[in-house]
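Undergrad: Have a look at the structure that comes next, please.
The values are calculated or read from the model by the stated rules, or taken from the named source; none is laboratory data. If you're wondering where the values come from, they're calculated on a predicted model, not measured in any experiment. Cβ coordinates were reconstructed from backbone atoms using ideal geometry, including for glycine residues, and neighbour counts include every protein chain displayed. Side chains are part of the model used for accessible areas, which takes the heavy atoms of the whole protein and leaves out ligands, DNA and RNA. Shrake-Rupley method; radii C 1.70, N 1.55, O 1.52, S 1.80 Å.
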Amino acid sequence: MSKMYDLCCVGHITLDKVVTPKNTVFMPGGTSFYVSNAIRHLDGINYALVTAVGAPEMHVVEDLRKKDVEVNAFESNQSVCFENIYGENQNNRTQRVTAKADPFTTEQLKDIQARIFHLGALLADDFSLDVLRSLSEKGAVSVDSQGYLREVRDENVHAIDWKEKEDFLKYIHFLKANEHEMEVLTGYSDIQSAARQLSDWGVKEVLLTFGSMGSVIYDGIDFYPVPAYKPREVVDATGCGDTYMAGYLYQRAMGKTIGEAGHFAAALSTLKIERSGPVQATNSDVERCMQTAEQYMPKLT
């Protein structure tokens with residue numbers, strides 16, 4: 001009998017190369033890395049990570065295990081490598097993918113049991129429809145749409161629409177999209193129309209995020225506006241969306257309502273912005289942020 005987890009994140013840990021005019025830094029990243037580091041500081045959840053990395057990056061897996069994260073790691077031919085090159089103006093970024101890891105297979109995941117599976121898709125071919133369908137038969141599937149909306153051609157990242165999205169979306173319980181992804185997926189720029197379209201395609205909980213403008217969650221019946229909590233200082237937004245999903249799925253796995261989960265997720269992502277690297281906030285840190293931080297409530301139109 002396989003162990004049953006409350007939440008299992010499946011995704012590649014990346015090797016990120018960040019090039020600035022002053023220096024070049026290599027660091028681990030990816031949805032699975034940021035989610036796992038966020039979850040490990042939170043109370044009471046039975047969590048596991050399933051990842052695949054190249055042999056030279058296996059030390060990142062060992063570091064997570066030393067931090068009491070349960071990891072099932074497969075060796076890939078190579079790790080996903082993102083290269084982000086910044087000029088003097090930090091708003092100007094060139095992004096390339098210099099190496100891709102092997103996609104996940106149904107065989108790798110057949111013995112993993114969880115109530116919620118969060119798929120950390122970084123690129124469009126990380127998870128096939130067969131993988132998604134098989135996981136949906138075991139638990140509720142969660143997806144961040146960003147990975148399915150980018151494709152690598154000659155190492156360059158290109159924005160694309162999600163191929164066969166209607167076939168995929170009917171198996172997805174939780175879907176996150178930002179304002180740009182929302183419009184690419186649905187053709188709608190207004191929140192309610194976009195959320196209803198995604199719901200009509202089969203998504204049970206639609207999470208639409210708008211950065212400092214807050215977020216909105218739709219369950220097919222009601223809209224739940226969620227405030228953005230203003231950070232004390234903006235240090236590093238990398239991994240903010242992944243941290244939001246970690247907080248939301250953690251709360252839903254613990255039996256909290258959609259509204260409670262949304263507020264917790266927003267506060268946790270604010271605490272991520274206040275530091276460089278993965279968030280290290282506890283439950284009490286999140287509660288304090290919700291009680292003390294300035295709030296901005298999103299509009300539904």
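Undergrad: Against the condition surrounded by fewer than 18 Cβ atoms within 10 Å (Cβ to Cβ), modelled with pLDDT of 95 or more, more than 17 Å from Glu179 (Cα to Cα) and not basic (Lys, Arg), how does Gly259 come out, does it pass?
TA: Criteria met by Gly259.
Undergrad: In region 106-133, what count of residues is obtained for those that are open to solvent by less than 40 Å² (accessible area, probe 1.4 Å) and over 17 Å from Leu207 (Cβ atoms)?
TA: Counting residues in region 106-133 that are open to solvent by less than 40 Å² (accessible area, probe 1.4 Å) and over 17 Å from Leu207 (Cβ atoms) gives 11.
Undergrad: Please specify each residue of region 119-178 satisfying the condition of being over 15 Å from the mean Cα position of the chain (by Cα) and of a type in the set (Val, Ile, Thr).
TA: Those that are over 15 Å from the mean Cα position of the chain (by Cα) and of a type in the set (Val, Ile, Thr): Val131, Val152, Val157, Ile160.
Undergrad: Output the residues belonging to region 238-255 that are of a type in the set (A, V, I, L, M) and touching a Gly at 6+ places or on another chain (Cβ under 8 Å).
TA: Residue satisfying the conditions is Met254 alone.
Undergrad: Tell me which strands (runs of 3 or more DSSP E) are completely within region 56-100 and hold 3 or more residues being at pLDDT below 95 and hydrophobic (A, V, I, L, M, F, W, C), or say none if there are none.
TA: Numbers: elements: 70-76, 80-86, 93-99.
Ranges flagged: 80-86.
Undergrad: Moving on to the next point. With respect to Val50, is the statement that it is β-branched (Val, Ile, Thr) and touching a His at 6+ places or on another chain (Cβ under 6 Å) true?
TA: Judged against the criteria, Val50 is not a match.
Undergrad: Something else about it: Restrict the check to region 16-26 and report whether at least one residue is under 25 Å from Ser134 (Cα atoms) and either of a type in the set (Asp, Glu) or open to solvent by less than 10 Å² (accessible area, probe 1.4 Å) (or both).
TA: no
Undergrad: Any idea which of (1) in contact with a Phe, Trp or Tyr (Cβ under 9 Å, 6 or more places away or on another chain); (2) without any contact (Cβ under 8 Å) to a residue 24 or more places away in the chain is the one Arg96 doesn't satisfy?
TA: Arg96 satisfies all of (1) in contact with a Phe, Trp or Tyr (Cβ under 9 Å, 6 or more places away or on another chain); (2) without any contact (Cβ under 8 Å) to a residue 24 or more places away in the chain except (2).
Undergrad: Sticking with this one: How many residues does region 166-180 hold that are touching a residue at least 12 places away in the same chain (Cβ under 8 Å) and open to solvent by 20 Å² or more (accessible area, probe 1.4 Å)?
TA: Final tally of qualifying residues: 7.
Undergrad: Let me ask something else. If you take the residues of region 196-223 that are surrounded by fewer than 20 Cβ atoms within 10 Å (Cβ to Cβ) and within 20 Å of the chain's Cα centre (by Cα), which of them is nearest to His173 (Cα to Cα)?
TA: Lys204
Undergrad: Yes or no: Arg115 in a helix (DSSP H, G or I), in contact (Cβ under 8 Å) with a residue 12 or more places away in the chain and either in contact with a Phe, Trp or Tyr (Cβ under 7 Å, 6 or more places away or on another chain) or of a type outside the set (Phe, Trp, Tyr) (or both)?
TA: no
Undergrad: Checking His41 against (1) out of contact with any Ser or Thr (no Cβ under 9 Å at 6 or more places or on another chain); (2) part of a loop (DSSP other than H, G, I, E, B); (3) in contact (Cβ under 8 Å) with a residue 40 or more places away in the chain, only one condition comes out false. Which one?
TA: In the conditions (1) out of contact with any Ser or Thr (no Cβ under 9 Å at 6 or more places or on another chain); (2) part of a loop (DSSP other than H, G, I, E, B); (3) in contact (Cβ under 8 Å) with a residue 40 or more places away in the chain, His41 misses (1) alone.
Undergrad: Scan region 195-217 and report the pairs whose first residue is under 16 Å from Glu181 (Cβ atoms) and assigned to a strand (DSSP E or B) and whose second residue is basic (Lys, Arg) and open to solvent by 10 Å² or more (accessible area, probe 1.4 Å), with Cβ atoms within less than 7 Å and a gap of 6+ or a chain change.
TA: Matching pairs, first to second residue: Leu207/Lys176; Thr209/Lys176.
Undergrad: Tally time: how many residues in region 146-169 are modelled with pLDDT of 85 or more, touching a helix residue (DSSP H, G or I) at 6+ places or on another chain (Cβ under 9 Å) and not aromatic (Phe, Trp, Tyr)?
TA: The qualifying residues number 9.
Undergrad: Residue check: is Lys204 among the basic types (Lys, Arg), closer than 19 Å to Phe117 by Cβ and in contact with a helix residue (DSSP H, G or I) (Cβ under 8 Å, 6 or more places away or on another chain)?
TA: No.
Undergrad: Just checking, how many residues over region 236-253 are part of a helix (DSSP H, G or I), free of Cβ contacts under 8 Å to residues at least 60 places away in the same chain and closer than 12 Å to Pro278 by Cα? Give the steps one after another, and end with the answer.
TA: Residues of region 236-253 part of a helix (DSSP H, G or I): 240-253.
Checking the rest, the ones that are also free of Cβ contacts under 8 Å to residues at least 60 places away in the same chain come to 240, 251.
Okay, now just the ones that are also closer than 12 Å to Pro278 by Cα, so 240.
Qualifying residue count, region 236-253: 1.
Undergrad: If Asp144 satisfies every condition in (1) closer than 28 Å to Asn84 by Cβ; (2) of a type in the set (D, E, K, R); (3) loosely packed, with under 13 Cβ neighbours inside 10 Å; (4) touching a Ser or Thr at 6+ places or on another chain (Cβ under 7 Å) but one, which is the exception?
TA: Every listed condition holds for Asp144 apart from (3).
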